[in-house]
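Below: the structure, in structure tokens.
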Amino acid sequence: VGMISISIDRTAELNAQREKEEIREKAMEELEEKVVERTKDLNDAKRYIENIVENTPSALLIVDKAGKVTFVNKAWESLFESDKSKVIGTNIFEYTSIKQSKQYEMYKSALEGKRMTDAEASFTSVLTGKNYTFLITTVPIKDDKGDVIGCANMTIDRTAEFLAIKEKEEIHRKIMDQLEEKVNARTKELIESNLYIESIIDNVPASIFT
């Protein structure tokens with residue numbers, strides 16, 4: 001009775017396995033690098049868009065499908081003299097000022113997928129008592145499937161423009177009033193002059209014309 005020792009050369013197999021593992025590790029590292037790079041690109045793009053939205057001169061307020069405020073930018077805080085911490089999470093349909101204004105229907109319509117604009121919305125400052133005139137546009141926000149998931153309310157302060165238009169209208173009205181007064185005065189003068197001339201003619205002896 002003896003023993004037989006059999007040796008099998010697995011060097012090629014182990015090398016191949018090791019090579020596969022190295023390729024796999026390298027592929028995973030490359031994939032991880034791409035994921036990190038892609039995530040960075042997405043975060044940079046997100047920050048860029050957020051920076052634009054946050055610093056746009058138009059006051060922006062966003063609500064979800066139920067009407068709950070999810071975002072307001074700096075311009076909105078400044079224009080409406082409020083802090084985002086007091087607004088985010090509240091429901092715009094519960095505000096009395098919204099219920100009593102055209103904006104209520106604007107929000108409702110936007111959440112149904114319709115765009116609406118109010119060119120002469122009014123607002124009175126609680127702090128200063130100053131009256132403002134706004135251009136308000138409410139647009140639906142949709143997901144990739146086209147379903148409405150909320151809406152955005154964009155407000156532009158048109159007070160200066162509106163006051164300038166009103167001032168021009170007032171100046172035009174005054175000019176027209178003054179013109180009308182002058183026309184009436186001149187008409188009166190002409191009528192009186194004609195009457196005077198007619199009275200002279202009526203009182204001149206007929207013989208003077210023969």
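Only one of the numbered conditions (1) more than 24 Å from residue 51 (Cβ to Cβ); (2) out of contact with any Pro (no Cβ under 6 Å at 6 or more places or on another chain) is violated by residue 156, and that is (1). A single member of 111, 163 is buried (at least 18 other Cβ atoms within 10 Å of the Cβ) and out of contact with any Ser or Thr (no Cβ under 6 Å at 6 or more places or on another chain), and it is 111.
In the condition set (1) open to solvent by less than 40 Å² (accessible area, probe 1.4 Å); (2) under 17 Å from the mean Cα position of the chain (by Cα); (3) closer than 18 Å to residue 87 by Cβ, residue 104 is compliant with all but (1). For the range 48-83, a tally of residues being small (Gly, Ala, Ser) and under 18 Å from residue 98 (Cβ atoms) returns 4.
Within the range 145-153, can one find any residue that is under 37 Å from the mean Cα position of the chain (by Cα), basic (Lys, Arg), surrounded by 10 or more Cβ atoms within 10 Å (Cβ to Cβ) and closer than 30 Å to residue 63 by Cβ? No, there is no match, as no residue in the range 145-153 is under 37 Å from the mean Cα position of the chain (by Cα), basic (Lys, Arg), surrounded by 10 or more Cβ atoms within 10 Å (Cβ to Cβ) and closer than 30 Å to residue 63 by Cβ.
From the list 104, 132, which residue is aromatic (Phe, Trp, Tyr), without any contact (Cβ under 8 Å) to a residue 12 or more places away in the chain and touching a helix residue (DSSP H, G or I) at 6+ places or on another chain (Cβ under 6 Å)? So that I can check it myself, show each step before the final result.
Details: 132 fails: without any contact (Cβ under 8 Å) to a residue 12 or more places away in the chain.
None of the others qualify; the one that does is 104.
Once the range 116-165 is narrowed to residues that are in a strand (DSSP E or B) and hydroxyl-bearing (Ser, Thr, Tyr), the residue that is nearest to residue 75 (Cα to Cα) is 155.
When 53, 87, 63, 72 are checked against the criterion of being surrounded by 10 or more Cβ atoms within 10 Å (Cβ to Cβ), touching a Lys or Arg at 6+ places or on another chain (Cβ under 6 Å) and closer than 25 Å to residue 120 by Cα, 72 stands alone in meeting it. Out of 93, 80, one residue alone is under 16 Å from residue 134 (Cα atoms) and aromatic (Phe, Trp, Tyr). It is 80.
The number of residues in the range 88-123 that are small (Gly, Ala, Ser) and closer than 19 Å to residue 162 by Cβ comes to 4. Note on the range 32-64: residues that are among the β-branched types (Val, Ile, Thr) and outside any helix (DSSP H, G or I) amount to 3.
Taking residue 93 as the residue in question, decide whether it is assigned to a helix (DSSP H, G or I) and open to solvent by less than 60 Å² (accessible area, probe 1.4 Å). Answer is yes for this residue.
The values are calculated or read from the model by the stated rules, or taken from the named source; none is laboratory data. Quick caveat, the model's predicted, so the values are computed rather than measured. Cβ: placed from backbone, ideal geometry, glycine included. Neighbour counts: every protein chain shown. Areas reflect the complete protein model, heavy atoms only, side chains present, ligands, DNA and RNA absent. Shrake-Rupley method; radii C 1.70, N 1.55, O 1.52, S 1.80 Å.
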